[in-house]
Amino acid sequence: MDRPALVARVAAWYAAHARPLPWRAPDCTPWGVMVSEFMLQQTPVVRVLPAWEAWLSRWPTPAALAAEEPGEAVRAWGRLGYPRRAQRLHAAAIAIRDEHGGAVPADLEALRSLPGVGEYTAAAIASFAHGRRHVVLDTNVRRVLSRLEGGQQYPPATLTRGERERAAAWLPESDADATAWAASSMELGALICTADAPRCDACPVQEACVWLVAGRPAWDGPPRVGQAYAGTDRQCRGVLLGALRTADAASDDTLLALWTSDPAQARRALASLLADGLVRRRPDGSVTL
DNA sequence: CATACGTGGGC
DNA sequence: TGCCCAAGTAT
């Protein structure tokens, strides 16, 4: 089976099995798509759902968000994680208001220039919000192609040129087919071709999967590095930020008292939050979002 | 190119 | 119980 035939199979599977996510609804605005893409960067769909609804109700347009203080965006981000994404989304909203007439750009380069919009997100917004044809290569698609055509259980640790070329070879010719492929290949990776315990028996392209046909050989590449968290600066920053989300403001001492295992680390974390602009110092000396 | 950057659910 | 993972970006 050639690639177009496999693409068609995935499209048919998608039509029958895709999740009815609100940012994929026909009436969802480009801004709604953009907000979803920011929230979905490293955060699971189930946790994004309620936050996305609340965010769009409160800030239905880029201009609405741009009119707010960035600290409000960080507070509304809640516990989605990586709060700098909220900060960048706010900054992107300002750029859209000031440089794009308030409309989310459709041009890839214009999108890339926005804070927090990298290679993947730019292609995703152009594709899902504007129907443009682009290679949309996220962790799901990388894994799907790695298995389906590469015969490897996992893709390389960092996105390679070879992966981009392979993905380009799969991209259908028309805008409509390309955007459908982007959405369906991602969904396949999210629901069937998962990182662990993939449901190959339910896969629409199982006969063509090199990895499956080879007997699902175990990963034999370099050991994949995990993400440490307990005791890290990241966790410490999260604790301090968590307190600030529910308080109007706090003193340094109050904040530092939240992390007693390593006082020096706590001071460093507070300093880095200030330096990142995630936290700001008020005239009275207290700190706030 | 490797590393820092939050958070919580599942096994 | 830890360890792995989740629609990445910026440096």
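The values are calculated or read from the model by the stated rules, or taken from the named source; none is laboratory data. For clarity, every value in this text was computed on a predicted model and none was experimentally measured. Don't worry about glycine lacking a Cβ; one is built from the backbone with ideal geometry, like all the others, and counts go over all protein chains shown. For the accessible areas, the whole protein counts, side chains as well, though only heavy atoms, and no ligand, DNA or RNA atoms are used. Shrake-Rupley method; radii C 1.70, N 1.55, O 1.52, S 1.80 Å.
Here are some notes:
- Criterion: in contact with a Phe, Trp or Tyr (Cβ under 6 Å, 6 or more places away or on another chain) and not assigned by TED's automatic domain parsing to the domain that holds A:ARG84 - qualifying residue of A:GLU187, A:GLU207: A:GLU187
- Some residue of region A:87-94 being assigned to a loop (DSSP other than H, G, I, E, B), open to solvent by 30 Å² or more (accessible area, probe 1.4 Å), polar (S, T, N, Q) and within 28 Å of A:SER272 (Cβ to Cβ): no
- Of the residues making up region A:104-125, those that are more than 8 Å from DNA strand C (Cβ to nearest atom) and in contact with a Ser or Thr (Cβ under 9 Å, 6 or more places away or on another chain) are A:VAL104, A:PRO105, A:LEU111.
- Applying the set (1) among the basic types (Lys, Arg); (2) within 18 Å of A:ALA51 (Cβ to Cβ); (3) in contact with a helix residue (DSSP H, G or I) (Cβ under 7 Å, 6 or more places away or on another chain) to A:ARG79 leaves exactly one unmet item: (3).
- Members of region A:2-61 found to be over 23 Å from A:GLU119 (Cα atoms) and within 16 Å of DNA strand B (Cβ to nearest atom), listed by number: A:ARG19, A:VAL46, A:ARG47, A:LEU49, A:PRO50, A:ALA51, A:ALA54, A:TRP55
- Residue that is most open to solvent (accessible area, probe 1.4 Å), among those in region A:95-105 that are of a type in the set (Gly, Ala, Ser) and out of contact with any helix residue (DSSP H, G or I) (no Cβ under 6 Å at 6 or more places or on another chain): A:GLY101
- Meets criteria (open to solvent by less than 30 Å² (accessible area, probe 1.4 Å) and either part of a helix (DSSP H, G or I) or closer than 23 Å to A:SER127 by Cα (or both)) for A:ALA168: no
- A:ALA228 passes every criterion in (1) of a type in the set (Gly, Ala, Ser); (2) under 30 Å from A:GLY71 (Cβ atoms); (3) open to solvent by less than 50 Å² (accessible area, probe 1.4 Å); (4) at pLDDT below 95 apart from (3).
- Residue within region A:118-129 that is acidic (Asp, Glu), within 16 Å of DNA strand B (Cβ to nearest atom) and open to solvent by less than 60 Å² (accessible area, probe 1.4 Å) present: no
- Long-range neighbours under 7 Å by Cβ, at least six apart or interchain, first residue in contact (Cβ under 8 Å) with a residue 60 or more places away in the chain within region A:82-109, second hydroxyl-bearing (Ser, Thr, Tyr) and outside any helix (DSSP H, G or I): none
- Pair list, Cβ under 8 Å, 6 or more apart: region A:278-289 residue over 15 Å from A:LEU256 (Cα atoms), other residue open to solvent by 80 Å² or more (accessible area, probe 1.4 Å): A:LEU278/A:ARG84; A:LEU289/A:ARG280
- Of the helices (runs of 4 or more DSSP H) lying entirely inside region A:180-258, the ones with 2 or more residues being without any contact (Cβ under 8 Å) to a residue 24 or more places away in the chain and away from DNA strand B (no atom under 16 Å from the Cβ) are found at A:252-256.
- Cβ pairs under 6 Å, 6+ apart, first in region A:121-132 and closer than 16 Å to A:SER184 by Cβ, second part of a helix (DSSP H, G or I) and within 16 Å of DNA strand B (Cβ to nearest atom): A:ALA124/A:GLU37
- A:PRO4 vs. criteria over 15 Å from A:ARG79 (Cα atoms), without any contact (Cβ under 8 Å) to a residue 60 or more places away in the chain and over 13 Å from the mean Cα position of the chain (by Cα): no
- Residue list for region A:159-179, filter: away from DNA strand B (no atom under 16 Å from the Cβ) and either touching a Ser or Thr at 6+ places or on another chain (Cβ under 8 Å) or aliphatic (A, V, I, L, M) (or both): A:ALA167, A:ALA168, A:ALA169, A:TRP170, A:LEU171, A:ALA176, A:ALA178, A:THR179
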